[in-house]
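The values are calculated or read from the model by the stated rules, or taken from the named source; none is laboratory data. For clarity, every value in this text was computed on a predicted model and none was experimentally measured. Cβ atoms come from the backbone with ideal geometry, glycine included; neighbour counts cover every protein chain shown. Surface areas here come from the heavy atoms of the whole protein model, side chains and all, with no ligands, DNA or RNA. Shrake-Rupley method; radii C 1.70, N 1.55, O 1.52, S 1.80 Å.
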Amino acid sequence: MLDRARGEMPQLFALLARVPNPRVRRAPLAWGVLASYGAGYFTTAAVLIVFTLIARALTTSLDWVNALATLAGTAVALSVAYVAAGREAVIVYATLFVIVQILSLAVRLRFCIGIVSDAPFCSVFAYVLGLWPEAVGAAIAYKLVGWFRVSEGDRNPLLEAAGGLALVQGLLSALLGLLLASAGQFESGVLVLAATLAGGIACGQVLLRRVAESARWRTLAYIAVAALGVWLFVSLPLFSSQIGIRGTIGFSGLGLIGFLAPVFEIGAAAMVLYLAAARQLSAREAVSDL
């Protein structure tokens with residue numbers, strides 16, 4: 001089938017052949033796992049933005065866009081994990097994925113028990129079946145891994161910083177799902193804000209440890225483009241269609257916390273960099289005064 005497609009579209013395949021192979025550096029296990037999450041983060045953001053705009057232009061459903069973004073993000077993340085830190089990184093990534101899914105399933109079952117429902121939504125089988133984008137992405141990663149090339153060095157600064165944000169946010173979001181089920185509106189807002197800030201702080205800490213001082217703010221800017229791009233082109237239009245502008249659904253101040261999560265995340269990471277720079281400046285001034 002692939003040979004037939006190549007014969008029918010030679011120009012397309014010639015163009016694809018000229019696309020340079022992405023480079024990934026070998027890294028210790030923990031940093032390799034973070035790099036995989038960062039690669040998935042950027043891939044998911046790019047697919048969401050591009051194909052959401054296409055879907056809106058064609059006035060089609062956005063459900064397939066989310067599935068495609070998840071599929072692509074999983075495939076790239078697993079490929080980068082293997083290239084950066086080997087099979088052990090893939091195992092760690094898969095383990096963390098299973099943990100998140102168990103927490104998410106527990107939230108769903110807890111909700112279903114509360115409403116005493118036997119709807120398909122409440123079926124464990126339906127939940128597992130809904131993970132087909134991740135399964136297809138894992139299968140594609142098996143072939144995609146050969147597309148990546150190993151580059152010299154022992155770190156992937158941009159990917160690792162984005163990965164710190166994505167990993168902490170993913171784990172805390174799944175964990176908070178259990179806590180929010182029995183929390184009030186105020187408690188829910190506080191917990192969501194704490195999780196959001198934790199993701200940004202984790203990103204800032206990785207920037208301090210793995211990125212050269214001269215490139216930290218530039219690296220954070222790249223992450224901000226991805227985070228705020230999804231917010232601007234995906235989340236904001238959906239949100240505006242539900243409240244005030246074209247809809248009648250109300251919202252509270254605390255409800256805006258989750259919606260503005262990317263702003264808080266990037267702000268927290270920027271604060272970490274700012275405080276580190278301020279401490280360095282104070283130390284230099286103290287030394288110069290001696």
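Take the conditions (1) of a type in the set (Gly, Ala, Ser); (2) open to solvent by 60 Å² or more (accessible area, probe 1.4 Å); (3) at pLDDT below 95; Ala135 misses just one of them, which is (3).
Considering only residues that are surrounded by fewer than 21 Cβ atoms within 10 Å (Cβ to Cβ) and touching a residue at least 60 places away in the same chain (Cβ under 8 Å), which ones fall in region 90-100?
Residues satisfying the conditions are Val92, Leu96, Ile99, Val100.
Per the conditions (1) under 21 Å from Val76 (Cβ atoms); (2) modelled with pLDDT of 95 or more; (3) surrounded by fewer than 19 Cβ atoms within 10 Å (Cβ to Cβ), the sole criterion not satisfied by Gly164 is (3).
Yes/no per residue for (1) in contact (Cβ under 8 Å) with a residue 60 or more places away in the chain; (2) among the β-branched types (Val, Ile, Thr):
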| position | (1), (2) |
| --- | --- |
| Thr43 | no, yes |
| Leu48 | yes, no |
| Ser61 | no, no |
| Val65 | no, yes |
| Ala85 | no, no |
| Ile113 | no, yes |
| Ile140 | yes, yes |
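Within region 54-89, restricting attention to residues that are under 17 Å from the mean Cα position of the chain (by Cα) and among the β-branched types (Val, Ile, Thr), the residue that is most open to solvent (accessible area, probe 1.4 Å) is Thr70.
Going by the structure shown, is Leu207 surrounded by 13 or more Cβ atoms within 10 Å (Cβ to Cβ), at pLDDT below 95, among the hydrophobic types (A, V, I, L, M, F, W, C) and part of a helix (DSSP H, G or I)? Criteria not met by Leu207. For the condition modelled with pLDDT of 95 or more, among the small types (Gly, Ala, Ser) and either open to solvent by 60 Å² or more (accessible area, probe 1.4 Å) or assigned to a helix (DSSP H, G or I) (or both), Ala198 does not qualify.
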